[in-house]
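*Asks:* This is the structure, below, for whatever I ask next.
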Amino acid sequence: MFKKSLILIIAFSILSPLVSRADEGMWLPLLLQKREADMQKKGMKISAKDIYDVNNSSLKDAVMLFGGGCTGEFVSNEGLLLTNHHCGYGHIVAQSTVERDYLTNGFWAFSKQEELPCKGLSITLLAYMEDVTEKVLEGVTDKLSERERKALINANIKLIIADVTKDSHYKAEIKPFYYGNQYFLYVNEVFTDVRLVGAPPSNIGKFGGDTDNWMWPRHTGDFSMFRVYASKDNKPADYSKDNIPFTPKKFMKINLKGLNEGDFTFVFGYPGTTQQFLTSHAVDRIANYEDPARIKLRRERLDVYNHAMNQSPDQRLRYAASVAGIANGWKKWMGEVKGLKRMNSVERKIDFENHFNVWANTTQQRKETYGGLIENFEKLYAEKSTIEMSYLYLVEAVLASDLMKNGRSILAIIDKTERNNLSKDAIQVEADKVLERMNSYFANDYVNHKMVDKEIFVDVMSTYYEDFAKTNSLLIKEKVDNSFSGNARNYFNYVYDNSFLSCQKATKKTLKKFRIKDALSDPAIELLSAVWGDVIGKDMPILNEIDLQIDSLYRHYVVGIMDMNSGKDFYPDANLSLRVAYGNIKPYKPRDGVNYFTHTTIKGIMEKENPDIYDYVVEKKLKELYKTKDYGRYANADGEVSVCFIASNHTTGGNSGSPVLDANGHLVGINFDRNWEGTMSDIMYDPDQCRNISIDIRYCLFIIDKFAGAKNLIQEMTIVE
Ligand code: ARG
Ligand code: GLU
């Protein structure tokens, strides 16, 4: 017995899915000293302080959160920044019309006057971060219930934030780490005058489209450029023509020599979410229930949109941004399921949990703290399995159509009325606001859009009915059975055609003289209100309560795991805070008999070229440059231009646009994706298979310089040859 567990311990420390392995990890810049030796051993020539330093300017001053979920980096002392094309996508679309289509044709500002202000885009720069665990947990004891604990923590957080931001333009936030075992304060500057400077045409910036997305070998020129503007004293300021280009404390210098297999690299950016500590029960839910349901529903939506986008350029532009988002999740989840299965992730987690239980039961003290944890996880995950799907279906199915999204605005009026006891006049004010929005909705080619939206509604809701609502939604089941002889499609067709929300005249009539009773008798509102009542009214409070308990289990579990592996440096899960991941330029073998190299070149773009397939059309000018080999200083040792490369840096969504740096801290690429075989790394990292994909900085500069002729931008940057 003892022997067996000893063997297990040894096997475990090598094989455990929860003990980070080569190149796994996203580290806190503030605590990077701890990793410095390992980074230098792997090839880094600079110090942890060069990356993050509160007292002096460091690389962190050149890295930013771009918008709400990407990363960007400064490349000049005039606020010029690089990020991905897909991160700037929404703003490139917003600046485009069919006549002036920057998405398709690209956009380049040849002077600062030509730069285009982007409404709603913000850039967040970290001033400093600080461990505030003690202050956040002040007054917290084991005697508090989870709810009381949370309330006290939130109150403490509010006080700390109010204190640090008092009389200053700084914004602050406090984020939990390790499920609330640790808290860090982030003090930021948020800039809101951001202007579009450059974007390659779609067939460069999104070359390979959704076909190549999440895959290696890749040939996408996924970059775009913006500039941050500030007030005369270099502080954040809303857009004004009097604003001046922002002077950052630091910007990145560019290495044009490129990296080769084995070279050290690191990625500095804002990874969004990882969940390395999930138990077997949670991984099983994701791999076998949640991801498959999401994949199926998104596939149906995509089929409808893709068909519409092939009908006209108008429709292509209209749906481009939302389809990119829907397709991105759809494909990632497919890769994730495959990867989790290939890694036997559930079985490995079960092995780990069995081992944890053995460890937890060896002393009385451990037993008191950790005994029964795994069993409680199992119980709670089982309890939430149906409720959690009800929420998933609300998001992925019910709210997939504009009919229901618009219906949501109507429900919001009703909700507000009931909560605030609104007067008749006040209700009408709300209704007038919705009417205004609805009018612009109908004005946007509603004749064609209605067909698309209706098809999405009917297809997706029918699947929702079969897979979930039939057994879980009383109202829908009754309607389908009693009024439509069991034919769900007929019911959903009826709902769409007979709702005021699918007719401009009827919408105007209803909203001009808004009466709650009339609204609720509308078939779409009736349907949505029933689902909303079930999910948000009934299920969500239960789900929140269970999640609160599950979080508290994880809070103890991660401490136990660390205790069991003392001496091991654990990284906290990604939470959209600034991190450093490091590794090497590294090839991989995706499957039997296949080797993938580390770099792709323009030659591969020509190999993929297909004028008949939208994703593989190659711009004429690029072909000419390829033919004449007019590459200048951007060519590699073989005389080709390197387009993309892979490395073993552990990254995730949010790392898009992140600077990829060399051993000296010089910019060599921009991160934009992960490989298909490695998409499960948010849950389980596989050092053999997980790679981040970056655009080679030489390809970016080649496009800016030789393709676009924007020498003004090249001159602004600092190149170290
Ligand atoms: N997969 C990358 C990421 O997660 C790129 C997405 C944009 N590209 C696209 N073809 N949809 O964001
Ligand atoms: N494309 C992702 C993003 O937008 C990065 C790829 C990943 O998930 O690693 O952040």
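The values are calculated or read from the model by the stated rules, or taken from the named source; none is laboratory data. This structure is a prediction, so every number in the text was calculated from the model and none was measured. Because the Cβ atoms are built from the backbone with ideal geometry, glycine has one as well, and the counts that use them run over all protein chains shown. Heads up: the accessible areas ignore ligands, DNA and RNA and are worked out on the full protein's heavy atoms, side chains in. Shrake-Rupley method; radii C 1.70, N 1.55, O 1.52, S 1.80 Å.
*Asks:* Do any residues in segment 126-144 that are under 22 Å from A62 (Cα atoms) have Cβ atoms under 7 Å from those of residues that are in a helix (DSSP H, G or I), where the two are at least six apart or on different chains, and which pairs are they?
*Replies:* Here the result reads L126/K60; M129/L30, each pair linking segment 126-144 to a residue that is in a helix (DSSP H, G or I).
*Asks:* What about D212, is it within 15 Å of ligand 2 (Cβ to nearest atom) and open to solvent by less than 20 Å² (accessible area, probe 1.4 Å)?
*Replies:* Yes.
*Asks:* For segment 177-229, give me the residue count where each residue is under 17 Å from G72 (Cα atoms) and assigned to a strand (DSSP E or B).
*Replies:* Residues flagged as under 17 Å from G72 (Cα atoms) and assigned to a strand (DSSP E or B) within segment 177-229 amount to 17.
*Asks:* Enumerate the pairs (first residue in segment 191-202 and touching a residue at least 24 places away in the same chain (Cβ under 8 Å) and among the aliphatic types (A, V, I, L, M); second residue anywhere and open to solvent by 10 Å² or more (accessible area, probe 1.4 Å) and part of a strand (DSSP E or B)) with beta-carbon separation below 6 Å, excluding pairs fewer than 6 apart on the same chain, so at least 6 apart or on different chains.
*Replies:* Pairs that qualify, where the first residue is touching a residue at least 24 places away in the same chain (Cβ under 8 Å) and among the aliphatic types (A, V, I, L, M) and the partner is open to solvent by 10 Å² or more (accessible area, probe 1.4 Å) and part of a strand (DSSP E or B), are L196/L116; A199/F107.
*Asks:* Tell me yes or no: at least one residue of segment 273-296 is within 30 Å of D101 (Cα to Cα), hydrophobic (A, V, I, L, M, F, W, C) and within 16 Å of ligand 2 (Cβ to nearest atom).
*Replies:* Within segment 273-296, not a single residue is within 30 Å of D101 (Cα to Cα), hydrophobic (A, V, I, L, M, F, W, C) and within 16 Å of ligand 2 (Cβ to nearest atom).
*Asks:* Shifting gears a bit: Report the residue count in segment 267-302 for those that are away from ligand 1 (no atom under 16 Å from the Cβ), open to solvent by 40 Å² or more (accessible area, probe 1.4 Å) and part of a helix (DSSP H, G or I).
*Replies:* 6
*Asks:* Oh, and also: In segment 511-622, which helices (runs of 4 or more DSSP H) lie fully inside it and hold 2 or more residues that are under 30 Å from K41 (Cα atoms) and either more than 28 Å from the chain's Cα centre (by Cα) or not β-branched (V, I, T) (or both)?
*Replies:* Per the criteria, 540-564.
*Asks:* R408: in contact (Cβ under 8 Å) with a residue 40 or more places away in the chain and open to solvent by 70 Å² or more (accessible area, probe 1.4 Å), yes or no?
*Replies:* yes
*Asks:* Also, I was wondering about something else. Of all residues being among the charged types (D, E, K, R) and closer than 25 Å to L259 by Cα in segment 565-590, which is least open to solvent (accessible area, probe 1.4 Å)? Just the residue, please.
*Replies:* R579
*Asks:* I need a count of the residues in segment 311-337 that are open to solvent by 50 Å² or more (accessible area, probe 1.4 Å), away from ligand 2 (no atom under 15 Å from the Cβ) and touching a residue at least 24 places away in the same chain (Cβ under 8 Å).
*Replies:* Number satisfying all stated conditions: 4.
*Asks:* Only one of (1) in contact with a Leu (Cβ under 8 Å, 6 or more places away or on another chain); (2) within 8 Å of ligand 2 (Cβ to nearest atom) fails for G665. Which number is that?
*Replies:* The single condition G665 does not satisfy is (2).
*Asks:* Also, quick follow-up: From the list I683, I703, which residue is within 15 Å of ligand 2 (Cβ to nearest atom), among the β-branched types (V, I, T) and out of contact with any strand residue (DSSP E or B) (no Cβ under 7 Å at 6 or more places or on another chain)?
*Replies:* When all the criteria are applied, what remains is I683.
Let's see how each residue does on (1) of a type outside the set (A, V, I, L, M); (2) out of contact with any Gly (no Cβ under 9 Å at 6 or more places or on another chain); (3) modelled with pLDDT under 95:
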position	(1), (2), (3)
L59	no, no, no
G72	yes, no, no
V75	no, yes, no
N105	yes, yes, no
M129	no, yes, no
K158	yes, yes, no
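*Asks:* Next question. What are the pairs with Cβ atoms under 7 angstrom where one residue, in segment 501-517, is free of Cβ contacts under 8 Å to residues at least 60 places away in the same chain and the other, located anywhere, is acidic (D, E) and surrounded by fewer than 16 Cβ atoms within 10 Å (Cβ to Cβ)? Sequence gap at least six, or different chains.
*Replies:* The qualifying pairs are T510/D518.
*Asks:* While we're on this one: Which of the residues belonging to segment 635-656 are under 20 Å from T601 (Cα atoms), touching a strand residue (DSSP E or B) at 6+ places or on another chain (Cβ under 7 Å) and of a type in the set (G, A, S)?
*Replies:* Those that are under 20 Å from T601 (Cα atoms), touching a strand residue (DSSP E or B) at 6+ places or on another chain (Cβ under 7 Å) and of a type in the set (G, A, S): S642, A647, S648.
*Asks:* A further question follows. What number of residues in segment 112-139 are open to solvent by less than 40 Å² (accessible area, probe 1.4 Å) and either hydrophobic (A, V, I, L, M, F, W, C) or not in a helix (DSSP H, G or I) (or both)?
*Replies:* Going through segment 112-139 one residue at a time, the tally reaches 13.
*Asks:* Which condition number does G709 fail, the rest of (1) away from ligand 2 (no atom under 11 Å from the Cβ); (2) open to solvent by less than 20 Å² (accessible area, probe 1.4 Å); (3) under 28 Å from F246 (Cα atoms) being met?
*Replies:* It fails just one condition, (2).
*Asks:* May I ask you to list pairs of residues, at least six apart or on different chains, whose Cβ atoms are under 7 Å apart, with the first in segment 204-229 being closer than 22 Å to R698 by Cβ and more than 12 Å from ligand 1 (Cβ to nearest atom) and the second being at pLDDT below 95 and in a loop (DSSP other than H, G, I, E, B)?
*Replies:* Sorted first by the residue in segment 204-229, then by its partner, the pairs are I204/E619.
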